[in-house]
Amino acid sequence: MVALAPVEKWKWGSRRWNLKSYRKELWFNVPARRAFINITPQVETCLRESGIKEGLLLCNAMHITASVFINDDESGLHEDYERWLERLAPHDPVSQYLHSRTGEDNGDAHLKRQVMGREVVVAVTGGKLDFGPWERIFYGEFDGGRRKRVLVKVIGE
Amino acid sequence: MVALAPVEKWKWGSRRWNLKSYRKELWFNVPARRAFINITPQVETCLRESGIKEGLLLCNAMHITASVFINDDESGLHEDYERWLERLAPHDPVSQYLHSRTGEDNGDAHLKRQVMGREVVVAVTGGKLDFGPWERIFYGEFDGGRRKRVLVKVIGE
Amino acid sequence: MVALAPVEKWKWGSRRWNLKSYRKELWFNVPARRAFINITPQVETCLRESGIKEGLLLCNAMHITASVFINDDESGLHEDYERWLERLAPHDPVSQYLHSRTGEDNGDAHLKRQVMGREVVVAVTGGKLDFGPWERIFYGEFDGGRRKRVLVKVIGE
């Protein structure tokens, strides 16, 4: 059923090197409750600042009602995500969530974040994000209206 | 629509250093079929033992019917997760899952685990888990009643 | 309610070492629209080629309508995933997705990929994938019929 193409391309570094690390917080204040923001340019700036050429880059939401994920920068798709997540985990009525007993009204945001994920780990190769043609990094806000953070951490050479 | 706050805080280490690695298994025996357990203290103990100050920490379920994820330590929310996952992928009737033909009754657990995720990767900065204010690590058990493991691996300096 | 077993096993390397990196692309051409392919042998070959004994391995889809995930190599379960994902995010009618306005018919694939995930990060210990007994790595294709890639990146010693 499946034709598995032969492995075609590879490269590796046998050269021994020393480790560097880099850390930065990206801050957001999204006025709307929900939004998807392309943060690829900011993450690329971080990578340039780090000077790291080979390694791994972690990018994660530091809040538990937000996501960092990789997908397509296409507004129709983002609206599809919005509708789909609202169907899987509706915001209203907030009384459906036991979490609302804490006084919060963001039970749905904690669920949506699990579907979209907390973090991405991206390979760093030749000083660039090692991406396929359409991969872009997004901040997914599910409970906006306040300042929230994303962490970028890079380790490598 | 979106006000993107300027990048405000960063630090990085240009100092060259050498790599260390650390590995530990955390074992669990959850009597119930399903439960969420805060394992942050155990993971912090691992990080202290490792002596690693800068790097990445991987924490993953070693079983395919369990999750490791990061969210809020709030019992109402955990009950919301339980209800929501049971709605997305109900346990009963087990006959709805072809996986049941193997004699297992945990088809739902394999699905729930995909929603909640297998692993988290956490930045290590200054010898600590580099967390936002409410981030905690949880073991999500979806097919308990037996001994199961979580892996903690840390690399860095 | 929960009996937490004591931490039992651990080992760590205090020895100081230098970093190596490795990169390879695995190419696929899946004739069907959707399929799950066990790529554990190819990833193990990458790890052997890298010569890396301790570190982290990242394996990610380079396309945004495909997944890399870890679960069980059981055909009934894979059929359960197929049915479940089709229920959560049906392919037809494609007109239900605003993404279809771009001329694409793969809106569902972008949603399914978020449930199953983009990537896995696996610990490398003693030159092996540090896996529990049933963990296997899968390529999840949700929009096949063309050549697509998976990235394997390893860093460590």
- Message: Set the bar at 27 Å for Cα to Cα. Now go through A:Lys24/C:Lys53; A:Lys53/B:Lys112; B:Lys128/C:Lys53; A:Lys24/B:Lys20; B:Lys20/C:Lys148; B:Lys24/B:Lys128 and name every pair that lies beyond it.
- Response: A:Lys24/C:Lys53; A:Lys53/B:Lys112; B:Lys20/C:Lys148
- Message: Give me the one-decimal nm value for the distance between modelled label points at B:Ser75 and B:Lys128, 7 Å along each residue's Cα-to-Cβ direction.
- Response: 2.8 nm
- If R0 is 45 Å, what FRET efficiency do you get for B:Arg147 and C:Arg33 from their C-beta distance, rounded to 0.05? 0.65
- Task: Sort B:Phe142, C:Phe131 by accessible area with a 1.4 Å probe, largest first.
- Result: C:Phe131, B:Phe142
- Message: Label position 7 Å from Cα toward Cβ: report the copy-to-copy distances for B:Arg48 in nm, one decimal, ordered from shortest.
- Response: 4.2, 4.2
- Treating the angle as unsigned and between 0 and 90°, give the value, to the nearest 10°, between the Cα long axis of helix C:75-88 and the longest Cα principal axis of chain C. 50 degrees
- Task: For helix B:40-50, report the angle its Cα long axis makes with the longest principal axis of the Cα atoms of chain B; keep it between 0 and 90° and round to the nearest 10°.
- Result: 50 degrees
- Message: Could you report the accessible area of B:Leu129 in Å², rounded to 10, computed with a 1.4 Å probe on the protein chains as they sit in the structure?
- Response: 20 Å²
- Task: May I ask you to give the percent of accessible area on the protein assembly as shown that is carbon plus sulfur, with a probe radius of 1.4 Å?
- Result: 50 percent
- Item | Heavy-atom accessible area ranking, 1.4 Å probe, most first, across C:Asp108, A:Asp92 | A:Asp92, C:Asp108
- Message: Counting protein heavy atoms only and a 1.4 angstrom probe, how many square angstrom of accessible surface do chains A and B bury in total, to the nearest 100?
- Response: 4300 Å²
- Query: What fraction, in whole percent, of alpha-carbon pairs in chain B exceed 19 Å separation?
  - Reply: 60 percent
- Message: Given the whole protein assembly as supplied and a 1.4 Å probe, what does the accessible area of B:Ser75 come to in Å², nearest 10?
- Response: 90 Å²
- Kindly report the accessible area of the protein assembly as shown per residue (heavy atoms of protein chains, probe 1.4 Å, no ligands, DNA or RNA), in Å². 36 Å²
- Whole-Å distance, taken between Cα centres, linking region A:106-137 and region B:72-105: 26 Å
- Protein chains only, probe 1.4 Å: how do B:Asp73, A:Asp105, C:Asp80 rank by accessible area, largest first? B:Asp73, A:Asp105, C:Asp80
- Item | Per-residue SASA entry for C:Glu119, accessible area with 1.4 Å probe, Å² rounded to 10 | 30 Å²
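The values are calculated or read from the model by the stated rules, or taken from the named source; none is laboratory data. Source: prediction; values computed, not measured. Please note: Cβ atoms are built from the backbone with ideal geometry, for glycine as well, and neighbour counts cover all protein chains shown. When the accessible area is computed, the model is the full protein with side chains, heavy atoms only, and any ligands, DNA or RNA have been set aside. Shrake-Rupley method; radii C 1.70, N 1.55, O 1.52, S 1.80 Å.
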